[in-house]
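Engineer: Quick one: this structure, given as structure tokens, is what I'll be asking you about.
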Amino acid sequence: HGWWWGTGRRKSAVARARIKPGSGSFQVQINRKTQKPINDYFVEMRDRMDVVAPMRVTNTEGKFDIVVRASGGGTMGQAQACRLAVARA
């Protein structure tokens, strides 16, 4: 359905990212029906910067809709796992 998938791991944190061309929304999926914006899920600025780093490097920030599902580990490990998942996708 037009989605690209990527998986990232860091220590015990695992993240699965789906991206597709769109308006630039970045959501973290909590469960099947609940999603939070990246700013609400990752409260630390360093974690938010980690997650969007692949998009900044490739100059594609704001051009893709991204949905990430993260589990395990702490917030910093989840952010770095999300970074790897987005980069792979």
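The values are calculated or read from the model by the stated rules, or taken from the named source; none is laboratory data. It should be emphasised that the depicted structure is a prediction, and the values quoted were computed from it without experimental measurement. Positions of Cβ are generated from backbone atoms using ideal geometry, with glycine treated the same way; all protein chains shown enter the neighbour counts. Accessible surface areas use protein heavy atoms only, side chains included; no ligands, DNA or RNA. Shrake-Rupley method; radii C 1.70, N 1.55, O 1.52, S 1.80 Å.
For every residue, the table says whether it meets (1) touching a Ser or Thr at 6+ places or on another chain (Cβ under 8 Å); (2) within 18 Å of R88 (Cβ to Cβ); (3) among the acidic types (D, E).
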position: V14; (1), (2), (3): yes, yes, no
position: I19; (1), (2), (3): no, yes, no
position: D40; (1), (2), (3): no, no, yes
position: E44; (1), (2), (3): yes, no, yes
position: R56; (1), (2), (3): no, yes, no
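Engineer: Within the stretch 57-76, how many residues turn out to be under 12 Å from the mean Cα position of the chain (by Cα) and open to solvent by less than 50 Å² (accessible area, probe 1.4 Å)?
Structural biologist: Result for the stretch 57-76: 6.
Engineer: Quick one: which of G24, G62 is modelled with pLDDT under 95, among the small types (G, A, S) and out of contact with any strand residue (DSSP E or B) (no Cβ under 8 Å at 6 or more places or on another chain)?
Structural biologist: Being modelled with pLDDT under 95, among the small types (G, A, S) and out of contact with any strand residue (DSSP E or B) (no Cβ under 8 Å at 6 or more places or on another chain) holds for just one of G24, G62, which is G62.
Engineer: While we're looking at this one, here's another question. State which residue pairs qualify: first residue under 19 Å from N31 (Cβ atoms) and of a type outside the set (K, R) and inside the stretch 48-73, second residue assigned to a helix (DSSP H, G or I) and open to solvent by less than 30 Å² (accessible area, probe 1.4 Å) in any location, beta carbons under 6 Å apart, and separation of 6 or more residues or different chains.
Structural biologist: V68/C82; A70/Q78; A70/C82
Engineer: Inside the stretch 13-38, can you point out the residues that are assigned to a loop (DSSP other than H, G, I, E, B), open to solvent by less than 80 Å² (accessible area, probe 1.4 Å) and farther than 18 Å from T60 by Cα?
Structural biologist: Residues satisfying the conditions are I30, N31, T34.
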